[in-house]
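Below: the structure, in structure tokens.
Just so it is clear, none of the values below were taken in a lab; they were calculated from the coordinates. Just so it is clear, the structure is predicted and the values come from calculations on it, not from any experiment. Glycine gets a Cβ as well: all are built from the backbone with ideal geometry, and neighbour counts include every protein chain shown.
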Amino acid sequence: DTAVSQTPKYLVTQMGNDKSIKCEQNLGHDTMYWYKQDSKKFLKIMFSYNNKELIINETVPNRFSPKSPDKAHLNLHINSLELGDSAVYFCASSQVTGGELFFGEGSRLTVL
Amino acid sequence: QQPVQSPQAVILREGEDAVINCSSSKALYSVHWYRQKHGEAPVFLMILLKGGEQKGHEKISASFNEKKQQSSLYLTASQLSYSGTYFCGTTRRNAGNMLTFGGGTRLMVKP
């Protein structure tokens, strides 16, 4: 059983479209995250979500929005996609905020 | 504010040692170390919570100097499997405890 799973693994889309990436964890963790890894391999925190408390990295455009239907899921919705959104998006979870991170396999988004 | 890692890249022969440094301009609560192999997700190596704490993981160990806001990762007698990009991540108490990663250090171990 995969601990943190993301879908889709690959996503190719046109500028201006809206897309979502889904994430599920079966570890019973309380906190989930979204990270963006660009072509230079920088891993940037986007969101942290714990018991309905959302912490947003202030540099993230408001076109990005996390949605959590329950504790085991944290989806990422992106509106009006731009070329600069092309990256690998990693979902992660931890037992407590700031604890050991368990990453999903990543979702590679390409915006044309 | 993200921590700063050095060096950016290291090339080693099998059996050689390496040190990767991570420093922050802000007071730290914890330091994490992760390794990411090409095309894969980052994998947790260790976390250091107290000033002066040292931890080990096989032949990979790390130290945390809280006063200097620095951590170092030590790789001894490197193996081919150590190749990858190493990231340090830091948390601060007044920043929601979110883990912020440094720019990474690319390590290549050659036979």
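Some notes on this structure:
- Within 10 Å of the Cβ of each residue in B:99-105, the mean number of Cβ atoms contributed by other protein chains is 5.
- Cross-link check: pairs A:Lys41/A:Lys67; B:Lys26/B:Lys68; A:Lys19/A:Lys41; A:Lys36/B:Lys55 evaluated at a Cα-Cα cut-off of 18 Å; pairs beyond the cut-off: A:Lys41/A:Lys67; A:Lys19/A:Lys41; A:Lys36/B:Lys55.
- The A:Val12 and B:Ser25 beta-carbon pair, evaluated with R₀ = 45 Å, returns a calculated FRET efficiency of approximately 0.70.
- Over the C-alpha atoms of the protein assembly as shown, the Rg to Rh ratio, Rh being the Kirkwood estimate, stands at 0.97.
- Average silhouette area of chain B, convex hull of alpha-carbon atoms, in square nanometres: 6.4
- Computed as a quarter of the hull surface, the mean projected area of the alpha carbon convex hull for segment A:1-44 stands at 4.4 nm².
- Counting Cβ atoms of other protein chains within 10 Å of each Cβ in B:36-43 and taking the mean gives 5.
- Beyond 22 Å, the tail of the calculated P(r) for segment A:4-111 holds 23 percent of the Cα pairs.
- For residues of A:97-107, the mean tally of beta carbons on other chains within 10 Å: 6
- Farthest towards the positive end of the charge dipole of segment B:4-110, among the residues B:His32, B:Ser61, B:Tyr74, is the Cα of B:His32, using unit charges on the Cβ of Lys, Arg, Asp and Glu.
- Under 5 Å between amide hydrogens, built in the peptide plane, is the criterion, and for B:Asn97 it picks out B:Arg92 among residues at least 5 positions away or on other chains.
- Max mean-square fluctuation residue, GNM over chain B, Cα-Cα springs under 10 Å, options B:Glu40, B:Glu66, B:Glu14: B:Glu40
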